[in-house]
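Visitor: Attaching a single structure in structure tokens format; questions to follow.
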Amino acid sequence: MYGRGGRLVREVARAAVGRVPGCPAGLRAARTGEVPAARSRPTLRPDLNSFVSRTHTCGELCAAHIGQEVRLCGWVQYQRQGLFIILRDFDGLTQIVIPQEESTAHFKEMLCELPLESVIAVTGTVIPRPPGQANLEMSTGKIEVRLQHAEILNRCRKLPFETKELVKKSEALRMQHRYLDLRSSQMQYTLRLRSQMVMRMREYLCNLHGFVDVETPTLFKRTPGGAKEFVVPSREPGKFYSLPQSPQQFKQILMVGGLDRYFQVARCYRDEGSKPDRQPEFTQVDIEMSFVDQMGIRKLVEGLIEYSWPEEKGPIAVPFPSMTYQEAIDSYGVDKPDIRFGMKIIDISEVFRDTEISFLRDALSYTSGVVRAISITEGAKLLKKKDLENLKKLAKAQFNQDLTFFVLQPDGTWKSPLAKILTNVEQSQLCHTTNLHEDDVLILAAGDWAKVSAALGKLRLECANILESKGIALRDPGIFNFLWVVDFPLFLPKEERPEEYESAHHPFTAPHPDDVHLIYTEPGKVRSQHYDLVLNGNEIGGGSIRIHNMELQHYVLESILKEDSGLLLHLLKALDSGAPPHGGIALGLDRLIALIVGASTIRDVIAFPKSFRGHDLMSNAPDFVSPEELSPYHIQVNWPAEIHKDSTNS
């Protein structure tokens, strides 16, 4: 065991960086881009008992400690028959044996009447458990501690719920009493894994590849485009700060400033409703580099994730595969495809090119008209009539899209509203094109390519949900399939005004080198140098090569996006001051951790998350501020009558 304090820190740092003969630590890796093997990580157990009053944690005692006198601190997890208590801390459980002698009766009385979850310190001797009583499911299951002395550090009140893992609690109750929920083994594991991954990311970026960790401002100004921003009042009349959606402009300016390689574990803010994979405030691993191309960023990120990946989750394969945006929409209907299962979208337009079926013929008469389908293997056995009706309702409600179902029956005939009007040639071609087999179900949609693809992409995922609810394993949560999606469009038509454009990513994304000439004539056809990293159907990162030419950036803002470039004058001046080519990426840390640990929502991987409505249920934020407190900020609030009355009374 290392001495408490500095020595362990120094040894861990040395082991993390490694040594390269003949050059400074990690320099060769930084120059070549090589990823140190996982086995080069430090394997030393950190000193968990430095600077504190305990000698050991509740999870580390074993047969080697038998005979030693120890001091443990923790929470009372269980009491058993006046003979034992189970003491818990962040590291595990230890069984404490309560002596039954008359001389220690006061300890027995004190501990047995003590409420669970009270905090105590105990001193005792480590002894082996009696023969046949070892608990091999506990790391400390071969020993116990015979109590010599006990001290109550804090008596627990009556709690709103039991902290035991098997006791179900609503999410609202867990968030209201987050300090209790944090004691669960799952939350302890998740937050510690998150901490370890972030530390390894810092090692990889700073120690091995020369990145500089820079903190950027939280108080900024309103910027055009993107998500809604939180505004923060200042003491100057009519002037407000905004909380940044991301450090995007700052990291570009750092590149103009010659920093060359920047990263930050950054807090970001968006004034949007909370969803399972979204919070009003969230964390991203923000990265920017000068003199880099798209492949350089992708290689860096692959190495970063491989280096920081939890060993218990098994190895991941690099490099990650890639797919163009067009390919993703064509085959999966979404720009973040889950490639763990098939059920791809199939284009069957050619089958019906000369059809007599009127609605299919009408759909194909338009330039962007298509007939597309997805095939459900043995769907006739697995999907009930109610399931098919629900799929129809979903397509109609979300996409205004009609569906047609085909079932290939065992006798080779078709079950479908269109069965009687399909020609023999169409039937044969349909079977061949979709590779349809007995009892397979075909879901067909016709119309505009984008709308049909989006609808079938949603239905593909919904069908996977239905099949998995019936016991069909499609998406193994223990498999981690990373995918790069590239060649996104640079601009998209605005939904409310299709003749105008908005940025597909953000207005600082550079056009694809092969499409630069189109930006002045046909901006809707320009591909971008944007790239997304997708994991199991979830976007966990997005980045791009940036526009580093001031004239081009000004043209994009003013002429294409119709934005007031004056709001970004500081950035335009920076770009006009010798900006190097640069690019970067931001990884969503919360989403990445949630996927790794199998959490259904990112709220389960954030220590103090917000509710679905963006509220902190524990502290009751946001809260009211009195008119007197608002006065220095020159703000007046139109209080609803009942709220004004309540706030005045309080």
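Visitor: Take the Cβ-Cβ distance between Glu109 and Asp623 as r, set R0 to 45 Å, and report the resulting FRET efficiency rounded to the nearest 0.05.
Guide: For R0 = 45 Å, the calculated efficiency reads 0.50.
Visitor: For Asp616, which sequence-distant residues (separation of 5 or more, or a different chain) have an amide H within less than 5 Å of its own amide H, given hydrogens modelled in the peptide plane?
Guide: For Asp616, the qualifying residues are Ser611, Ala621.
Visitor: ³J(HN,Hα) across segment 255-260 via Karplus (A = 6.51, B = -1.76, C = 1.60, θ = phi - 60°), whole Hz, x for Gly/Pro?
Guide: Here the 3J(HN,Hα) series is 5, 4, x, x, 6, 6 Hz.
Visitor: If you don't mind, another one. Give me the distance between the Cα centres of segment 403-477 and segment 49-106, rounded to whole Å.
Guide: 61
Visitor: Ok, one more. Apply the a/c threshold of 1.5 to the C-alpha gyration tensor of segment 56-201 and tell me whether it is rounded, prolate or oblate.
Guide: Note, shape of segment 56-201 comes out oblate.
Visitor: If you add up the charges near Phe84, with Lys and Arg at +1 and Asp and Glu at -1, over every other residue whose beta carbon is less than 12 angstrom from its beta carbon, what do you get?
Guide: Result for the neighbourhood of Phe84: +3.
Visitor: Also, quick follow-up: Skipping prolines and chain starts, which residues have an amide H placed within reach, meaning under 5 Å, of the one on Gln245, given they are 5 or more residues away or on another chain?
Guide: Answer set, sorted by chain and number: Tyr269.
Visitor: For segment 292-354, what does the alpha-carbon gyration tensor say about shape, rounded, prolate or oblate, given a ≥ b ≥ c as the root eigenvalues, a/c under 1.5 as rounded, and a/b over b/c as prolate?
Guide: oblate
Visitor: Over the chain, what is the mean sequence separation of C-alpha contacts under 8 Å (at least six apart), divided by residue count, expressed as relative contact order in percent?
Guide: 12
Visitor: Still on this structure, I have one more. Going by amide H atoms built from the backbone, whose H comes under 5 Å of the H on Val214, apart from near neighbours?
Guide: Under 5 Å from the amide H of Val214: Phe263.
Visitor: Segment 350-391: Rg/Rh from Cα coordinates, Kirkwood Rh?
Guide: On the Cα set of segment 350-391, Rg over Rh gives 1.13.
Visitor: Still on this structure, please answer the following. Could you grab the Rg to Rh ratio for segment 254-376? Cα atoms only, Kirkwood for Rh.
Guide: 1.12
Visitor: Let me ask something else about it. Which of the three applies to segment 212-301, rounded, prolate or oblate, going by the alpha-carbon gyration tensor with a ≥ b ≥ c and a/c under 1.5 meaning rounded?
Guide: oblate
Visitor: Between Lys525 and Asp347, how high is the FRET efficiency from 1/(1 + (r/R0)^6) when r is the Cβ-Cβ distance and R₀ = 30 Å? Nearest 0.05.
Guide: 0.90
Visitor: What accessible area per residue, rounded to a whole number of Å², is obtained for the chain using a probe radius of 1.4 Å?
Guide: 51
Visitor: Sort 206-216, 328-338 by the packing proxy (mean of other Cβ within 10 Å over each peptide's residues), most packed first.
Guide: Ranked from most to least packed, the peptides come out as 328-338, 206-216.
Visitor: When the expected Rg is taken as 2.2 N^0.38 Å, what fraction or multiple of it is the alpha-carbon Rg of segment 525-580?
Guide: 1.40
Visitor: Rounded to the nearest 5, what is the percent of antiparallel bridges among the DSSP beta bridges in the chain?
Guide: Of those bridges, close to 95 percent are antiparallel.
Visitor: Turning to a different aspect of this structure: Dimensions of the chain along principal axes (Cα, Å, largest first)?
Guide: 98, 74, 73
Visitor: Holding the Cα-Cα limit at 25 Å, pick out from Lys386/Lys470; Lys299/Lys458; Lys228/Lys610; Lys239/Lys610; Lys228/Lys396; Lys385/Lys470 the pairs that are longer than that.
Guide: Going by Cα-Cα distance, Lys299/Lys458; Lys239/Lys610; Lys228/Lys396 fall outside the 25 Å limit.
Visitor: Quick one: 3J(HN,Hα) in Hz for segment 528-534, Karplus 6.51/-1.76/1.60 with θ = phi - 60°, rounded, Gly and Pro as x.
Guide: Computed from phi, the couplings for segment 528-534 are 10, 9, 9, 9, 10, 9, 10 Hz.
Visitor: May I ask you to list the GluC sites (Glu not before Pro) in segment 349-427 that are in a DSSP loop and have at most 11 other Cβ atoms within 10 Å of their Cβ?
Guide: The qualifying sites are Glu356.
Visitor: Could you sort 489-499, 461-471, 576-586 so that the peptide with the highest average Cβ count within 10 Å comes first and the rest follow in order?
Guide: Packing proxy ranking, top to bottom: 576-586, 461-471, 489-499.
Visitor: Considering Cα pairs under 8 angstrom that are at least six residues apart, work out the relative contact order of segment 260-380 and quote it in whole percent.
Guide: The normalised contact order for segment 260-380 reaches 14 percent.
Visitor: Report, in whole Å, the centroid distance computed from the Cα atoms of segment 148-193 and segment 551-568.
Guide: So the separation of the two Cα centres works out to 52 Å.
Visitor: Right, another one. For segment 442-595, take the alpha-carbon Rg, divide it by the Kirkwood Rh, and send me Rg/Rh.
Guide: Taking Rg over the Kirkwood Rh, I get 1.06.
The values are calculated or read from the model by the stated rules, or taken from the named source; none is laboratory data. All values derive from a computational prediction rather than experimental measurement. Neighbour counts run over all protein chains shown; Cβ positions are idealised from the backbone, glycine included. Note: accessible area is taken over every heavy atom of the protein model, side chains too, but ligands, DNA and RNA are not part of it. Shrake-Rupley method; radii C 1.70, N 1.55, O 1.52, S 1.80 Å.
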